[in-house]
Every structure is written in C-alpha cells, then in structure tokens.
Amino acid sequence: MNVKLVDKSLAIERVLESGYHIMVALAPPGSGKSTFLSMLAEYLALYSKVPRETRLRYFGKYDLYTKRRGFFDEHFAKYPVIHLDFS
C-alpha cells in the first residue's frame, strides 16, 4: 500500500489570516476536515495533552514551520482552545 502525506499546514495560515470569525468546512467525507481541525487545535493550543516540545518537533517537519517561521512563532501554542466533538 502506497501512502502519500499531503502537507496542509499552510492552510492554517490561510484560515487564520482570512479575517473571518466563523467558517464552515464543506467537503465530502474522507477529505480530511477532522484531521485538519485536530491539527489546527494542536497548533494553536496553549494547553494540550501533548507537551509543547513534542508538538514543536511534529510541526517542525512541515511547510508552516520551514517556510513561514515568523507566522509559526507568532501563533504556535499561544491560545486557549475548546475542542467539541459531536460524533
């Protein structure tokens, strides 16, 4: 089985810089909406079950860290996040 990772980390910047206060994610099942929202929550979260250093190592591999370092540092682990799961 071939598995290919698609780096969607730069979408975090697009979401945060969009200026919208409310966004609706409309996409078909299996398109990665939940995965993206989990990644967004881990990126922004001031408090998490995963230590900050571990999250920094995880995000350090992706484009948001390597190509947009100033933006990354400005927002990484700086906000309280409330995660609601309605599944």
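Observations on the model:
- Extreme residue, nearest to LYS33 (Cα to Cα), among residues of segment 1-17 that are of a type outside the set (Val, Ile, Thr) and over 16 Å from the mean Cα position of the chain (by Cα): LYS4
- Filter result (aliphatic (A, V, I, L, M) and in contact with a helix residue (DSSP H, G or I) (Cβ under 6 Å, 6 or more places away or on another chain)) within segment 2-31: LEU10, ILE12, ALA25, ALA27
- Pairing each residue of segment 46-58 that is under 17 Å from ASP7 (Cβ atoms) with any residue that is not polar (S, T, N, Q), provided the two are 6+ apart or on different chains, yields C-beta distances under 7 Å for ARG55/GLU42; ARG55/ALA77.
- Residues of segment 1-50 classified as within 13 Å of HIS75 (Cβ to Cβ) and in a loop (DSSP other than H, G, I, E, B), total: 2
- Filter result for the condition that a residue is in contact with a Phe, Trp or Tyr (Cβ under 9 Å, 6 or more places away or on another chain) and either surrounded by 13 or more Cβ atoms within 10 Å (Cβ to Cβ) or free of Cβ contacts under 8 Å to residues at least 12 places away in the same chain (or both), over PHE72, PHE86: PHE72
- Taken together, the criteria place VAL81 among residues that are assigned to a loop (DSSP other than H, G, I, E, B), touching a strand residue (DSSP E or B) at 6+ places or on another chain (Cβ under 8 Å), among the hydrophobic types (A, V, I, L, M, F, W, C) and open to solvent by 50 Å² or more (accessible area, probe 1.4 Å).
- Any hit, segment 18-30, residues being within 12 Å of the chain's Cα centre (by Cα), open to solvent by less than 100 Å² (accessible area, probe 1.4 Å) and not charged (D, E, K, R): no
- So ARG55, is it basic (Lys, Arg), open to solvent by less than 40 Å² (accessible area, probe 1.4 Å) and in a helix (DSSP H, G or I): yes
- Scope segment 38-52; condition over 19 Å from TYR65 (Cβ atoms) and not aromatic (Phe, Trp, Tyr); matching residues: LYS49
The values are calculated or read from the model by the stated rules, or taken from the named source; none is laboratory data. Bear in mind the structure is a predicted one, so any value in this text is a computation, not a measurement. FYI the Cβ positions are ideal-geometry reconstructions off the backbone, even for glycines, and counts take in every protein chain you see. In case anyone asks, the SASA skips ligands and DNA or RNA and just uses the protein heavy atoms, side chains included. Shrake-Rupley method; radii C 1.70, N 1.55, O 1.52, S 1.80 Å.
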